[in-house]
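Presented below is the structure to which this report refers.
Bear in mind that the values in this text are calculations on the coordinates, not laboratory data. Everything numeric in this text was worked out from a predicted model, so none of it was measured. Because the Cβ atoms are built from the backbone with ideal geometry, glycine has one as well, and the counts that use them run over all protein chains shown.
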Amino acid sequence: MAEAEASEPNDPNAMALATTGADGLPDVRVVLLKGVDARGFVFYTNVDSAKGDELRENPQAALVLHWKSLRRQIRARGPVTPVTAEEADAYFASRARDSRIGAHASRQSRPLADRATLEQAVAAVAERYGEGPVPRPENWTGFRIAPVAIEFWQDGPFRLHDRVRFTRDGEAWRGARLYP
């Protein structure tokens, strides 16, 4: 990640997130990775969004971090659980004030009549909170993907890429080199 932060011009923490709802159709979008540790990969969203609906119906996901400048990517997949309220509160408080206001104003993934409607909602939320604190909305939290598999990919000459996959085996990980 440190190498990506040094070489990627924008959002080195951008990751493609794939979820699947009750209909079985996969859905993918780009979100921002906001935390990673031994427990997994964390992102934040409105739980009433399409991804929130899909995670409620099928709490599993896959992700890809792709760093074109480094010619590398990381893939992971696993079950998804909400972060604690304390984790969500702490991250929400770290966001820019306008982003916190936007989280209240947006009915994420729902139909929007026009841009003016969104701008009016943002203005109403900004007026409601004035200069005071903007609390985390109840329908906004984080999710943690606890990987059962992680694959590291690095570009190779003549499409002979280097791939290594680690699969969880209880508390341990087993590694295997893969054909490109």
Compute the length gained on full extension between residue 178 and residue 119: take 0.36 nm times their separation in residues and subtract their Cα-Cα distance, giving the result in nm to one decimal.
16.3 nm
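Take the alpha carbon gyration tensor of the stretch 139-180, find the square roots of its eigenvalues, order them as a ≥ b ≥ c, and report rounded if a/c is under 1.5; if not, report prolate when a/b exceeds b/c, else oblate. Show your work: numbers first, answer last.
Values: a/c = 5.77, a/b = 1.65, b/c = 3.50.
Verdict is oblate for the stretch 139-180.
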With R₀ set to 35 angstrom, the calculated FRET efficiency between the beta-carbons of residue 34 and residue 56, to the nearest 0.05, is 0.95
For the chain, set up a Gaussian network in which alpha carbons nearer than 10 Å are linked by springs, and say which option among 62, 90, 18 fluctuates the most.
90
Please list, short to long, the whole-number percent of alpha-carbon pairs of the chain in consecutive 10 angstrom bins beginning at zero.
9, 30, 34, 19, 7, 2
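Using helices alone, what [θ] at 222 nm do you get for the chain, with -39,500 (n - 2.57) per DSSP H run of 4 or more residues, divided over all residues and rounded to the nearest 500?
Details: 5 runs with 48 residues, N = 180.
Value at 222 nm, helices only, nearest 500: -7500 deg cm²/dmol.
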Cut-off 10 angstrom, C-alpha nodes, Gaussian network model of the chain. Which of 38, 103, 61 fluctuates the most?
38
Residue among 17, 47, 4 farthest towards the positive dipole end of the stretch 1-49, charges placed on Cβ:
47
